[in-house]
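Structure, as structure tokens:
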Amino acid sequence: MDGRPLIAGTTSREKARMEIELPDGAVLPADVANGTFAVLLPPEATDSSRVVCRAYAADGSLVYQGLFT
């Protein structure tokens, strides 16, 4: 993965789309499939303690927003 940090995990199947917001304000879409998600961060993204995760249902409604833990 070319030295890029990876954030990945499991999620409920109701979440159809997720995005990660980095401390610098950059928003990255996560790949979501079959109750899992993954997103590759830029190489310089080393502080994951302030990464915000947003998850959306299939209808586009926000179902979760909070610090990525």
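The values are calculated or read from the model by the stated rules, or taken from the named source; none is laboratory data. None of the values given here were measured: they were computed from a predicted structure. Neighbour counts are summed over all protein chains in view; Cβ atoms, including those assigned to glycine, are modelled from backbone coordinates with ideal geometry.
A few notes on this one:
- Taken across the stretch 29-44, residues that are touching a Phe, Trp or Tyr at 6+ places or on another chain (Cβ under 7 Å) and of a type outside the set (Lys, Arg) do occur, with at least one present.
- Selection status of SER49, loosely packed, with under 12 Cβ neighbours inside 10 Å and in contact with a Leu (Cβ under 9 Å, 6 or more places away or on another chain): yes
- Selected residue (criterion: modelled with the lowest pLDDT) from residues of the stretch 59-69 that are more than 16 Å from ALA26 (Cα to Cα) and in a loop (DSSP other than H, G, I, E, B): THR69
- Any chance TYR56 is surrounded by fewer than 16 Cβ atoms within 10 Å (Cβ to Cβ), modelled with pLDDT of 90 or more and either assigned to a strand (DSSP E or B) or out of contact with any strand residue (DSSP E or B) (no Cβ under 6 Å at 6 or more places or on another chain) (or both): no
- Just so you know, in the stretch 33-46 the residues that are surrounded by 15 or more Cβ atoms within 10 Å (Cβ to Cβ) and not in a strand (DSSP E or B) include one that is modelled with the lowest pLDDT, and it is ALA45.
- Taking each residue of the stretch 22-36 that is within 13 Å of PHE68 (Cα to Cα) and looking for partners that are surrounded by 13 or more Cβ atoms within 10 Å (Cβ to Cβ) and of a type in the set (Phe, Trp, Tyr) with beta-carbon atoms closer than 7 Å, six or more apart or interchain, yields ALA30/PHE37.
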